[in-house]
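Asks: Quick one: this structure, given as structure tokens, is what I'll be asking you about.
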Amino acid sequence: MYLITGVTGNVGGPVARRLHEKGRHVRALVRAPSRAAGLPSGIELAVGDLNDPDSVSKAVQGVEAVFLMQVGGRTEQTRTVIDVAREAGAPRIVLLSSVGARQLPLETNPIGAALAAREQVLSDSGLGVTYLRPNTFASNALWWREEIRAGKAVDPTGDGQHGVIDPDDIARVALAALTQDGHVGKGYFLTGSEALTSREQVEILAEVTGRAIDFEDVTPHEFAQAAIDWGTPPEQAYMIERLNEVFRAGRAGFVTDDVENITGQAPGTFRAWCERNVDAFR
């Protein structure tokens, strides 16, 4: 039995489906059954969330591995999973982290620092953990969806490249880490096969959608101030500003062969992801 958290997300859902297709028994932790409406009927549902230790304790009973995806940046949920996993016989944990957890200096990157703290708590736990550190998700392009429909995308990352990865490729690596030996204690940096700037991504979207899309480059500070004007809390806008400064400096502009080495299949391209999801931009 495998416990999957984050099944409504771009990675957790595909992980659960791939396990189910392989004939593995899958349990999904969901806040309400209605949130799992798109999952195959054979997947067992455990109702609860990572802020409720009792529900997590029940969900982890009898499982051999946990796919852990957290939305919050703090470590309380991580500690909850560690405690109940240890009580249940210490199943393996596959953590969906990020390259940001290893982008130093963490002092100037609050989001990366929070991710690193989560990894450290797991490392100190003594449990068998695998760390998946993907680069920029191809699905982040959906943030531009309304702008693209209006004919212009605004972005603060300038000439900084991103090792953009299809979330399905992350799910394939997660499947291997959950079901195969040899991954405990390892950390994998997951990227696609090419590094692209945001401008290049928008150009690909324009070609795939057949739309004329202008690209406006703004600074991370300008972008953060606009976010505050839209109602984003200043503290959150500050963290986004710091993160975009990391991207703008090109700190995410690298590719690795971890996906192919682990799965035996090269990662897909950003263009292929766009072609598969083109209807989302129309």
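The values are calculated or read from the model by the stated rules, or taken from the named source; none is laboratory data. These numbers were taken from a predicted model, which means no experiment stands behind them. Please note: Cβ atoms are built from the backbone with ideal geometry, for glycine as well, and neighbour counts cover all protein chains shown.
Each row is one residue, and each column tells you yes or no for (1) among the aromatic types (F, W, Y); (2) surrounded by 15 or more Cβ atoms within 10 Å (Cβ to Cβ); (3) in contact (Cβ under 8 Å) with a residue 24 or more places away in the chain.
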{"residue": "L3", "(1), (2), (3)": "no, yes, yes"}
{"residue": "R31", "(1), (2), (3)": "no, yes, no"}
{"residue": "R35", "(1), (2), (3)": "no, no, yes"}
{"residue": "I43", "(1), (2), (3)": "no, yes, yes"}
{"residue": "V47", "(1), (2), (3)": "no, yes, no"}
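Asks: Keeping to segment 91-133, report how many residues are in contact with a His (Cβ under 8 Å, 6 or more places away or on another chain) and aromatic (F, W, Y).
Replies: Result for segment 91-133: 0.
Asks: Suppose the filter is closer than 15 Å to T157 by Cβ and either at pLDDT 95 or above or surrounded by fewer than 20 Cβ atoms within 10 Å (Cβ to Cβ) (or both); does R251 pass it? Full working, then the answer.
Replies: Working: closer than 15 Å to T157 by Cβ: yes; either at pLDDT 95 or above or surrounded by fewer than 20 Cβ atoms within 10 Å (Cβ to Cβ) (or both): yes.
Yes: the conditions hold for R251.
Asks: Go through segment 58-79 and give me each residue that's assigned to a helix (DSSP H, G or I) and within 26 Å of R18 (Cβ to Cβ).
Replies: Of everything in segment 58-79, those that are assigned to a helix (DSSP H, G or I) and within 26 Å of R18 (Cβ to Cβ) turn out to be K58, A59, V60, Q77, T78.
Asks: Continuing with the same structure: Within segment 204-240, how many residues turn out to be more than 17 Å from P156 (Cβ to Cβ) and of a type in the set (S, T, Y)?
Replies: Of the residues in segment 204-240, 1 are more than 17 Å from P156 (Cβ to Cβ) and of a type in the set (S, T, Y).
Asks: Only one of (1) at pLDDT 95 or above; (2) more than 29 Å from F67 (Cβ to Cβ); (3) surrounded by fewer than 17 Cβ atoms within 10 Å (Cβ to Cβ); (4) not polar (S, T, N, Q) fails for A206. Which number is that?
Replies: Every listed condition holds for A206 apart from (3).
Asks: Regarding L95, is this residue in a strand (DSSP E or B) and under 22 Å from A195 (Cα atoms)?
Replies: Values: in a strand (DSSP E or B): yes; under 22 Å from A195 (Cα atoms): no.
It is false that L95 is in a strand (DSSP E or B) and under 22 Å from A195 (Cα atoms).
Yes/no per residue for (1) under 23 Å from V99 (Cβ atoms); (2) small (G, A, S):
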site: R172; (1), (2): yes, no
site: G182; (1), (2): yes, yes
site: K186; (1), (2): yes, no
site: D214; (1), (2): no, no
site: P220; (1), (2): yes, no
site: W273; (1), (2): yes, no
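Asks: With (1) buried (at least 21 other Cβ atoms within 10 Å of the Cβ); (2) over 27 Å from N244 (Cβ atoms); (3) among the aliphatic types (A, V, I, L, M) as the list, and L96 as the residue in question, which single condition is left unmet?
Replies: With (1) buried (at least 21 other Cβ atoms within 10 Å of the Cβ); (2) over 27 Å from N244 (Cβ atoms); (3) among the aliphatic types (A, V, I, L, M) applied to L96, the lone miss is (2).
Asks: For segment 142-199, which positions are surrounded by fewer than 21 Cβ atoms within 10 Å (Cβ to Cβ), of a type in the set (D, E) and either touching a Leu at 6+ places or on another chain (Cβ under 6 Å) or over 30 Å from G126 (Cα atoms) (or both)?
Replies: Passing the criteria: E146, E147, D159, E194.
Asks: Would you mention how many residues in segment 27-52 are hydrophobic (A, V, I, L, M, F, W, C) and either more than 20 Å from the chain's Cα centre (by Cα) or assigned to a loop (DSSP other than H, G, I, E, B) (or both)?
Replies: 8
Asks: Can you spot a residue in segment 192-208 that is polar (S, T, N, Q) and farther than 17 Å from W143 by Cα? If you could, list the steps in order and put the result at the bottom.
Replies: The initial filter retains those residues of segment 192-208 that are polar (S, T, N, Q), namely 193, 197-198, 201.
When the remaining residues are screened for being farther than 17 Å from W143 by Cα, the result is 193.
Checked against the condition, which is being polar (S, T, N, Q) and farther than 17 Å from W143 by Cα, segment 192-208 yields at least one hit.
Asks: Can I213 be described as over 28 Å from K22 (Cβ atoms) and either in contact with a Gly (Cβ under 9 Å, 6 or more places away or on another chain) or hydrophobic (A, V, I, L, M, F, W, C) (or both)?
Replies: Judged against the criteria, I213 is a match.
Asks: Scan the strands (runs of 3 or more DSSP E) fully inside segment 112-231 and keep the ones with 2 or more residues being small (G, A, S) and touching a residue at least 40 places away in the same chain (Cβ under 8 Å). It would help to see each step written out before you state the result.
Replies: Working: elements: 129-134, 152-155, 187-190, 214-217.
Filter on segment 112-231 gives an empty set.
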